[in-house]
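> If you scroll down you'll find the structure; I have some questions about it.
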Amino acid sequence: MNLRRTPLSDVVRPTVLALLGIVLTCTVSAKSPNVVIVISDDQGYGDLGCTGNPIIKTPNIDRLASESPGLSDYHVAPTCSPTRCAFLTGHWTNRTGVWHTIMGRSMLRENEVTVGQMFSDAGYETGMFGKWHLGDNFPYRPEDRGFTEVYRHGGGGIGQTPDLWDNAYFDGAYFHNGDIVDAKGFCTDVFFEKANDFIDKCAKKGKPFFAYISTNAPHKPLHCPPRYMKMYEGQSDGIAAFYGMITNIDDNVGRTRRLLQNLGIAEDTIFIFTTDNGTASGAKIYNAGMRGGKGSPYEGGHRVPFFVHWPAGGLTQQHDVDELTHAVDVVPTLLDMTGIQKPDDVVFDGVSIAGLLDPKQDVDWPKRFVVTDSQRVRDPIKWRSSSVMSQKYRLVNRKELYDVSVDPGQRKNIATDHPEVVREMREFYEQWWAELKPTFSQTTEIYLGHPEHPVVSLTAHDWIQKAYPPWHQGAIREADRQHPKNEKLQHSGHWAVKVVRGGTYQISLRRWPVESGIAINAAIPAGENVPGATEAFRTTPGNSIGASAAVLRIDDQNLDRKTVEADAQEVIFETQLTRGSHRLSPVFEVKEGELGAYYVVVTHVE
């Protein structure tokens with residue numbers, strides 16, 4: 001399989017070609033350095049004390065910043081899954097198939113090579129803890145993408161549709177290397193605890209490791225231990241919980257750094273702290289003078305903090321890197337710093353910035369353009385919620401031009417004053433889009449019948465359709481059956497699947513997930529809330545859908561129909577599937593028309 005493509009630099013301009021051809025070096029320790037990455041969810045640039053926030057308490061990250069080079073013009077995607085795919089592959093978000101957070105558009109294409117695979121192939125132990133959000137089925141799970149130790153929740157957050165049933169931020173259940181395990185305590189504490197166990201075990205074995213600690217906090221719902229909320233008395237409950245979740249992350253960053261010291265491996269460990277998009281809740285308090293927040297094409301949507309500390313590599317002092325950098329630069333930089341070889345058939349969209357991080361190096365950084373956008377639609381739309389960036393300028397949504405060197409808040413549109421800049425940035429975007437566009441039709445398909453994953457659990461989170469599917473368990477419980485025109489409901493979504501072994505398959509249709517043990521037509525009471533400022537998804541009462549029949553629909557054809565028996569938890573069909581691509585869209589017949597089966601389990605029958 002061809003993993004890569006002609007680099008954009010080959011078809012754009014000499015300055016970009018020079019940029020992508022740069023080879024930067026950084027001192028590599030005689031011992032393979034370990035890597036610890038902490039990336040939080042929905043925390044913006046201004047949600048730290050070290051970036052000027054007057055209220056938040058983040059002493060451990062502030063200390064890290066004071067001892068580390070930091071990127072002050074570092075950009076990601078305005079939402080989580082798109083950032084994570086770029087961060088883990090070194091490739092533009094839209095190239096990887098991940099331009100949304102739901103609808104089958106959050107699964108990292110199978111031909112992408114992750115940093116986990118690169119480090120694992122180089123002999124590292126690789127661990128992933130917390131939020132993955134790049135696919136919940138083979139071949140998209142972290143354990144399929146190079147991570148040898150995986151402890152995670154499902155979907156994009158705890159309590160979302162692919163997550164284990166009735167999960168909330170306290171005392172949840174998680175996936176540990178494919179098995180379901182119970183846990184006690186607040187989710188962030190649990191994820192760091194498991195990561196620390198992994199670090200401890202690797203250190204005592206003398207094995208180099210790569211630990212990717214990816215918190216779901218401070219993403220909504222806003223839940224955190226009460227003692228953290230009390231630190232922000234006088235603020236609104238929402239801010240108290242949001243900032244409390246961040247202070248809890250900060251405490252855990254401190255614990256992990258102390259562990260590295262106690263194990264005697266801090267000197268040889270690259271430690272990174274960053275976040276995945278602009279602030280979701282903190283802009284009303286402090287946003288470092290930026291416009292916009294999560295989801296926005298303006299700076300506040302995608303400019304985030306990034307600090308890297310590595311004593312053996314000379315990265316121990318505060319050093320502001322104000323050159324334009326992007327999430328696609330992270331993987332090339334890590335390979336450069338550790339001496340790990342890039343796979344021959346991978347061409348990065350990013351470049352190594354290792355030289356920029358070294359305060360002793362004087363790097364002549366060439367002119368550069370990068371792009372960020374927020375698609376959040378089934379299929380990408382040209383120029384949608386986009387920002388083309390250079391060191392000085394931002395071209396937003398094709399029409400608005402800002403000089404952020406003098407107007408960091410992006411208040412004055414100067415497009416009419418600088419038509420030559422607008423033209424150059426538009427030309428770059430046009431060529432960028434033209435290169436990526438052919439990849440958009442490569443739908444990520446969930447494998448059926450693969451020997452490594454013979455039983456496949458599908459959830460409504462990944463329905464491909466124009467409207468938002470029920471992506472969290474509150475929506476599953478509610479089971480909205482209202483049609484805006486009072487017409488009969490028709491299920492328009494489908495799962496894109498790839499049958500890798502033709503033969504007999506058992507397809508189980510469910511309204512509730514397997515682990516719930518609930519009958520298809522049962523109504524269930526609201527679940528218990530947990531501490532915080534908002535309601536847990538499970539506090540929504542579970543409505544009965546009154547299903548009369550189940551229909552097996554594949555490739556837009558109704559193949560079979562069965563009555564829903566009283567107290568049945570599932571309706572099972574058996575059918576023959578041929579190898580290749582299919583559209584799976586089974587439904588329940590209800591009074592209002594038809595409702596997609598929220599959960600489906602597909603098993604290859606030997």
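> Within segment 290-307, is even one residue among the aliphatic types (A, V, I, L, M) and in the same structural domain as residue 97 (by TED's automatic domain parsing)?
Among the residues of segment 290-307, at least one is among the aliphatic types (A, V, I, L, M) and in the same structural domain as residue 97 (by TED's automatic domain parsing), which makes the answer yes.
> Can you tell me how many residues within segment 428-459 are among the acidic types (Asp, Glu) and without any contact (Cβ under 8 Å) to a residue 60 or more places away in the chain?
Residues that pass the stated criteria total 1.
> May I pose another question? So how many residues does segment 201-230 have that are within 14 Å of the chain's Cα centre (by Cα) and either of a type in the set (D, E, K, R) or more than 18 Å from residue 171 (Cβ to Cβ) (or both)?
5
> Can you run down the residue pairs with Cβ atoms below 8 Å, 6 or more apart or on separate chains, where the first is in segment 548-571 and farther than 12 Å from residue 597 by Cβ and the partner is among the hydroxyl-bearing types (Ser, Thr, Tyr) and buried (at least 16 other Cβ atoms within 10 Å of the Cβ)?
That search, which allows pairs on different chains as well, returns 554/585; 556/585.
> Can residue 441 be described as under 30 Å from residue 467 (Cβ atoms) and among the hydroxyl-bearing types (Ser, Thr, Tyr)?
yes
> Further, regarding this structure: For segment 158-213, enumerate the residues that are of a type in the set (Val, Ile, Thr), farther than 21 Å from residue 539 by Cβ and part of a loop (DSSP other than H, G, I, E, B).
Scanning segment 158-213 gives no hits.
> Can you name the number of the only condition in (1) in contact (Cβ under 8 Å) with a residue 40 or more places away in the chain; (2) surrounded by fewer than 19 Cβ atoms within 10 Å (Cβ to Cβ) that residue 258 fails?
The one condition residue 258 does not meet is (1).
> Go through segment 406-445 and count every residue that is basic (Lys, Arg) and either closer than 25 Å to residue 92 by Cα or buried (at least 16 other Cβ atoms within 10 Å of the Cβ) (or both).
Within segment 406-445, residues that are basic (Lys, Arg) and either closer than 25 Å to residue 92 by Cα or buried (at least 16 other Cβ atoms within 10 Å of the Cβ) (or both) number 3.
> Follow-up. Please tell me if residue 534 is modelled with pLDDT of 95 or more, in contact with a His (Cβ under 9 Å, 6 or more places away or on another chain), surrounded by fewer than 20 Cβ atoms within 10 Å (Cβ to Cβ) and part of a strand (DSSP E or B).
No, not satisfied.
> Return the residues of segment 282-321 that are among the hydroxyl-bearing types (Ser, Thr, Tyr) and closer than 23 Å to residue 258 by Cβ; say none if nothing qualifies.
Result: 316, single match.
> Also: Mind counting the residues in segment 432-449 that are of a type in the set (Gly, Ala, Ser) and closer than 15 Å to residue 378 by Cα?
1
> Another one. Answer yes or no as to whether residue 470 is on the phi < 0 side of the Ramachandran plot, touching a residue at least 24 places away in the same chain (Cβ under 8 Å) and surrounded by 18 or more Cβ atoms within 10 Å (Cβ to Cβ).
Yes, satisfied.
> May I ask you to list the residues in segment 71-96 that are of a type in the set (S, T, N, Q), outside any helix (DSSP H, G or I) and over 19 Å from residue 388 (Cβ atoms)?
Those that are of a type in the set (S, T, N, Q), outside any helix (DSSP H, G or I) and over 19 Å from residue 388 (Cβ atoms): 72, 96.
> Let me ask something else about it. Run down 550, 568 and say which single residue is surrounded by 14 or more Cβ atoms within 10 Å (Cβ to Cβ), among the hydrophobic types (A, V, I, L, M, F, W, C) and either in the same structural domain as residue 226 (by TED's automatic domain parsing) or in a loop (DSSP other than H, G, I, E, B) (or both).
Answer to the selection: 568.
> Looking only at segment 565-589, filter to residues that are within 32 Å of the chain's Cα centre (by Cα) and of a type in the set (Gly, Ala, Ser); which one of those is nearest to residue 517 (Cα to Cα)?
585
> Return the only residue of 534, 504 being farther than 25 Å from residue 453 by Cβ and of a type in the set (S, T, N, Q).
534
> Quick one: which strands (runs of 3 or more DSSP E) sit completely within segment 396-479 and have at least 3 residues that are among the hydrophobic types (A, V, I, L, M, F, W, C) and out of contact with any Cys (no Cβ under 8 Å at 6 or more places or on another chain)?
Of the strands (runs of 3 or more DSSP E) lying wholly inside segment 396-479, those with at least 3 residues that are among the hydrophobic types (A, V, I, L, M, F, W, C) and out of contact with any Cys (no Cβ under 8 Å at 6 or more places or on another chain) span 455-459.
> Just the residues that are assigned to a loop (DSSP other than H, G, I, E, B) and either surrounded by 15 or more Cβ atoms within 10 Å (Cβ to Cβ) or in contact with a strand residue (DSSP E or B) (Cβ under 7 Å, 6 or more places away or on another chain) (or both), please, taken from segment 376-390.
Residues satisfying the conditions are 376, 378, 380, 383, 384, 385, 390.
> Starting from segment 523-534, take each residue that is under 9 Å from residue 222 (Cα atoms) and list its partners that are at pLDDT 95 or above and part of a loop (DSSP other than H, G, I, E, B), counting only C-beta distances under 6 angstrom and pairs at least six apart or across chains.
532/222; 532/224; 533/222; 534/221; 534/222
> Now, a different point. Do you know which residues across segment 593-606 are surrounded by fewer than 16 Cβ atoms within 10 Å (Cβ to Cβ) and on the phi < 0 side of the Ramachandran plot?
Scanning segment 593-606 gives 605, 606.
> Provide a single number: the residues in segment 218-249 that are surrounded by fewer than 22 Cβ atoms within 10 Å (Cβ to Cβ) and touching a Pro at 6+ places or on another chain (Cβ under 8 Å).
Residues meeting the conditions: 2.
> Could you list, ordered by first residue, the pairs with Cβ atoms under 6 Å in which the first is in segment 265-284 and within 20 Å of residue 372 (Cβ to Cβ) and the second is assigned to a strand (DSSP E or B) and among the aliphatic types (A, V, I, L, M), at least 6 apart or interchain?
From segment 265-284, the pairs are 272/37; 272/308; 274/39; 276/39.
> While we're here: Quick check: is even one residue across segment 103-113 closer than 22 Å to residue 349 by Cβ, buried (at least 24 other Cβ atoms within 10 Å of the Cβ) and among the polar types (S, T, N, Q)?
Yes: segment 103-113 contains one or more residues that are closer than 22 Å to residue 349 by Cβ, buried (at least 24 other Cβ atoms within 10 Å of the Cβ) and among the polar types (S, T, N, Q).
> Do you know which residues across segment 97-152 are in contact with a Pro (Cβ under 6 Å, 6 or more places away or on another chain) and not in a loop (DSSP other than H, G, I, E, B)?
128, 150
> Out of segment 433-464, which residues are under 30 Å from residue 388 (Cβ atoms) and either more than 21 Å from the chain's Cα centre (by Cα) or among the small types (Gly, Ala, Ser) (or both)?
Matches in segment 433-464: 433, 434, 435, 437, 438, 441.
The values are calculated or read from the model by the stated rules, or taken from the named source; none is laboratory data. This one's a predicted model, so the numbers in the text were calculated from it and none came from an experiment. Cβ sites come from the backbone with ideal geometry, for glycine too, and all protein chains shown count toward neighbours.
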